[in-house]
Amino acid sequence: SATAKPAAGPASGKPGNLRRLIGIGPVNEKLLKAQGVTSFAQIASWTAADVKRIEDVMNFDGRIARERWIEQAKLLAAGNEKEFAKQFPTAGTLSNS
């Protein structure tokens, strides 16, 4: 079986608390880290191919788009807490761990 390449190359951006994203809990966080995904910047820069590869590994079907992981990650990678809270009021806060 083919070894999954880390999404978006080497870890870019500082590691973030991925569980702040709607749709990522402890299990999904572990699966992402196993794929080399540790930062909001990485998720923010995912291509359609990255999404497909990650969804195959995580056994998801369209969930990343439905839960808007990339949009969430873009705001957090940019440090835009205010806009993140406005667009994703049910997401985790800075203190969510």
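For this structure, a couple of remarks:
Residue by residue, here is whether (1) surrounded by fewer than 16 Cβ atoms within 10 Å (Cβ to Cβ); (2) modelled with pLDDT under 85; (3) within 18 Å of F88 (Cα to Cα) holds:
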| position | (1), (2), (3) |
| --- | --- |
| S1 | yes, yes, no |
| L18 | no, no, yes |
| L21 | no, no, yes |
| G25 | yes, no, yes |
| Q35 | no, no, no |
| F40 | no, no, yes |
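- On the stretch given as the range 42-69, residues that are closer than 15 Å to G16 by Cβ and surrounded by 19 or more Cβ atoms within 10 Å (Cβ to Cβ) total 5.
The values are calculated or read from the model by the stated rules, or taken from the named source; none is laboratory data. Remember, predicted model here, so these are calculated numbers, not experimental data. Cβ atoms come from the backbone with ideal geometry, glycine included; neighbour counts cover every protein chain shown.
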